[in-house]
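As structure tokens, the structure follows; a few thoughts come after it.
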Amino acid sequence: MSDTAVTIVLGTRPEIIKLAPVIDACEERGVGYSVVHTGQHYSEELDAVFFDQLELPTPDHNLAVGSGSHSAQTGAMIREIESVFLDEEPEVVLVQGDTNTVLAGSIAASKLDCVLGHVEAGLRSFDRGMPEEVNRVLADHAADYLFCPTDQAARYLREEGVPVDRIEVTGNTIVDSVIGYRDLAAEKSRVLAENDLTADEFCLLTAHRAENVDDRARFSSLLDGVAGFASESGLDVVYPIHPRARERLDEFEIDLPSAITTVEPQDFLDFLRLESTARLVFTDSGGVQEEACILGTPCVTLRDNTERPETVDVGANRVVGVGPDAIAAGARDALDAGTDWENPFGDGRAADRILDLVGVGPATSVGGVSG
């Protein structure tokens, strides 16, 4: 029998960030754990930076699966993850979010009858055209523990018939990370000086989702809308561009508007610094919607829906699609409304609650949370 109480499966940079507090909590409690990195995001240099900055140990298993079709990538992960589970026999498997890594870890765990916990459970965009929506729904219905970031997420699960004794509202581990690293980012990051940026005098753009950047008309419209607002407001826009998006710019022969400056993808501390000092964030990322909300930075979401409705409910986020007029209107409204909202994602102790609930290591006294 293995000494591994918890096996944590991750494969993308957002998963590293959101599971870092759980790894830290295992370390603090002396819990036997292992980390499986599937290699879904396969930039070795950037991954190494993330683990280094967050002071995390090197993953115990690096599967290096890399790219491929959704089915091929997921199938390769299932095979390799199953081998790890058979060897380690963990008491609990933890996955986070909605990636192919999450789906593969969930299937492998359920087929071996491992106890499975899904961190950030219950999110719904209600758009089955998004691969992430299918992944998160399947992971939720396979899991034994559903760790919801908010009460709304828990309600969605109850409405789908998930047994209530599997559902717990813990808060979101991204709050743990943002609170834990915000001051360090302010102290150590040089990203503003390196890019000639002044706090509160620029906008941050992220756009990488396939439904946006793989569609020439949508991508062009998105960029035109952001650039139009930049020209109107006099604010510069900095765009840490995802490799997929850069490839599409070249493939579609899209001329990037002069108001938008691209930079390389950023490590966690630098990106956190950009988010916290931007006047406004434009994004199609679910995680960035959360982080901007926690940091008090207004957000405009360049999608037709969101699985983070809490950010809209508290007034931190506007979901506008990719039409230029709608983007500009949403940005104006976001800036006019101010930043006096309450963070809906918890108090920064989600990781402790998760380990308390799965019953590994000494329990803490953090208690429950209302999202």
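The values are calculated or read from the model by the stated rules, or taken from the named source; none is laboratory data. None of the values given here were measured: they were computed from a predicted structure. Cβ: placed from backbone, ideal geometry, glycine included. Neighbour counts: every protein chain shown.
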Pick from region 151-198 the residues that are out of contact with any strand residue (DSSP E or B) (no Cβ under 7 Å at 6 or more places or on another chain) and among the hydroxyl-bearing types (Ser, Thr, Tyr): which of them is nearest to residue 267 (Cα to Cα)? 189
Among 137, 93, the single one that is among the β-branched types (Val, Ile, Thr), touching a Cys at 6+ places or on another chain (Cβ under 9 Å) and at pLDDT 95 or above is 93
Filter region 321-341 down to residues that are in a loop (DSSP other than H, G, I, E, B) and either at positive phi or surrounded by 24 or more Cβ atoms within 10 Å (Cβ to Cβ) (or both), then give me how many there are. 3
Within region 45-96, can you find the residues that are charged (D, E, K, R) and either surrounded by 14 or more Cβ atoms within 10 Å (Cβ to Cβ) or farther than 29 Å from residue 133 by Cβ (or both)? 45, 47, 52, 55, 60, 80, 82, 87, 88, 89, 91
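I need the full set of residues from region 264-296 which are small (Gly, Ala, Ser) and either crowded, with 24+ Cβ neighbours inside 10 Å or not in a loop (DSSP other than H, G, I, E, B) (or both), in order please.
276, 278, 286, 287, 292
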Quick check on my filter: what residues within region 279-312 are touching a helix residue (DSSP H, G or I) at 6+ places or on another chain (Cβ under 8 Å) and either aliphatic (A, V, I, L, M) or closer than 20 Å to residue 193 by Cβ (or both)? 279, 280, 281, 288, 292, 294, 295, 297, 300, 302
Starting from residues that are touching a strand residue (DSSP E or B) at 6+ places or on another chain (Cβ under 9 Å) and at pLDDT below 75, keep the ones in region 356-371 and report whichever is farthest from residue 294 (Cα to Cα). 368
Residue check, residue 284 more than 30 Å from residue 153 (Cβ to Cβ) and acidic (Asp, Glu): no
Hey, residue 98 within 21 Å of residue 146 (Cβ to Cβ) and out of contact with any His (no Cβ under 6 Å at 6 or more places or on another chain) or not: yes
For region 59-69, indicate whether the set of residues that are part of a helix (DSSP H, G or I) and in the same structural domain as residue 35 (by TED's automatic domain parsing) is non-empty. no
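Take region 342-356 and flag every residue that is crowded, with 16+ Cβ neighbours inside 10 Å and either among the hydroxyl-bearing types (Ser, Thr, Tyr) or touching a residue at least 60 places away in the same chain (Cβ under 8 Å) (or both). Walk me through it before giving the result.
Looking only at region 342-356, we keep the residues that are crowded, with 16+ Cβ neighbours inside 10 Å, and these are 343-346, 348-356.
Residues satisfying the conditions are 343, 344, 345, 346, 348, 349, 350, 351, 352, 353, 354, 355.
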Does residue 123 fit the bill of being over 22 Å from residue 312 (Cβ atoms) and modelled with pLDDT of 95 or more? no
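Suppose we filter 187, 253 for residues that are on the phi > 0 side of the Ramachandran plot and either not hydrophobic (A, V, I, L, M, F, W, C) or not assigned by TED's automatic domain parsing to the domain that holds residue 333 (or both); which single one remains?
None of the others qualify; the one that does is 253.
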